[in-house]
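What follows draws every value from the coordinates through simple rules; no lab data is involved. This structure is a prediction, so every number in the text was calculated from the model and none was measured. With ideal geometry, Cβ positions are generated from the backbone for all residues, glycine too; neighbour counts draw on all protein chains shown.
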Amino acid sequence: MVKPGRNPLFEIGAPLAPAAELLEWLAGQPPTTTYRLPVDLAVSVLGVTGAALGFAADRPSIKLDEGALGESLADQVAGLCGDDAATCALWLRGTWSAGVLRVVRVEGRVADDERATATHALIAR
């Protein structure tokens with residue numbers, strides 16, 4: 001696990017698609033592993049209503065735990081993507097356990113020109 005205040009180096013992990021293989025790989029990793037993942041969020045007036053890993057056609061929908069964030073994910077989405085955005089692609093850092101990404105940091109937007117190359121989970125080392 002990454003120590004607070006330290007910016008880790010990331011190495012390439014598993015491909016984000018196909019979804020079934022990615023989820024199997026994530027389930028096999030230690031729960032203390034820290035990831036940097038491109039997450040496409042569905043947004044409504046109710047806040048964040050859904051999330052998927054990556055941008056491929058065969059991408060897994062995931063659940064998020066944002067309890068470790070100081071500012072809600074919905075507020076950060078509004079600040080980064082606008083109040084009226086229907087979707088928002090963000091780089092999220094966190095750990096994976098029991099099918100849930102526990103978000104510990106929002107690193108920023110996934111730029112439009114990054115989408116084609118955001119194809120793998122990144123693992124902190």
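Averaging the Cα positions of each part gives two centres, and for segment 31-86 and segment 91-115 these lie 7 Å apart.
Here the scattering of segment 10-124 is modelled by Debye summation over its C-alpha atoms, one equal scatterer each and no solvent; at q = 0.21 Å⁻¹ the log10 of I(q)/I(0) is -1.20. Expressed per residue, the C-alpha convex hull volume of segment 74-125 stands at 111 Å³.
When the GluC sites (Glu not before Pro) in segment 66-125 are filtered for DSSP coil states and for at most 10 other beta-carbon atoms within 10 Å of their beta-carbon, the remaining sites are 71.
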